[in-house]
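Below is one structure, written out as structure tokens, with a few remarks after it.
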Amino acid sequence: MRKIGKWVEMFVAADGKEFLNRTDCIFYESHTMIANQRKSWIEKYFSDFDYNRDKWIDDCTEFKQFGGNHIRENQFDTVICNDIFMRQRDGRTIIINLRTGRCGKAIQSNPKFFDSETGWAIAWARYRGDEVPDYI
């Protein structure tokens, strides 16, 4: 944030939006910009997870013809395929590789900010070993 002007104090947020008082500028930067960062992070990890999930399911479907592992789905959004167990139920999201033991999980703390995509994105980031930022 920088202060500009000679007679009227203007405050400019990091994204270029101008404010007449400092409090509004700080509030905007802390809430609006963090919400945008949060949305961007969730979209990035969820799309990566979604791509890999589709790939696992396609591979599993191909191997099923040759006696490979199979997919089981039920009302709780549970999938087991090629040693990958994925489940989302009661505010808990889990991804586990049954062969290697590698896992990632997310637990809902606030239903207002935690939806299905957020759960999968956090679990996927932890499964990959990536850090989940504090603003998520």
Quick one: if you stick a label point 7 Å off each Cα along the C-beta vector at ARG92 and ASP50, how many nm between them? 2.6 nm
Based on the alpha-carbon gyration tensor of the range 80-136, what equivalent-ellipsoid semi-axes (square roots of 5 times the eigenvalues) come out, in whole Å, largest first? 20, 13, 7
Compute the length gained on full extension between LEU20 and ASN110: take 0.36 nm times their separation in residues and subtract their Cα-Cα distance, giving the result in nm to one decimal. 29.0 nm
Which ordering of CYS25, CYS103 is given by a fewest-first count of other beta-carbon atoms within 10 Å? CYS103, CYS25
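Every number in this text was worked out from the coordinates using simple rules, so none of it is lab data. This is a predicted model, so every value here is computed, not measured. Positions of Cβ are backbone-derived with ideal geometry, glycine not excepted, and every protein chain shown enters the neighbour counts.
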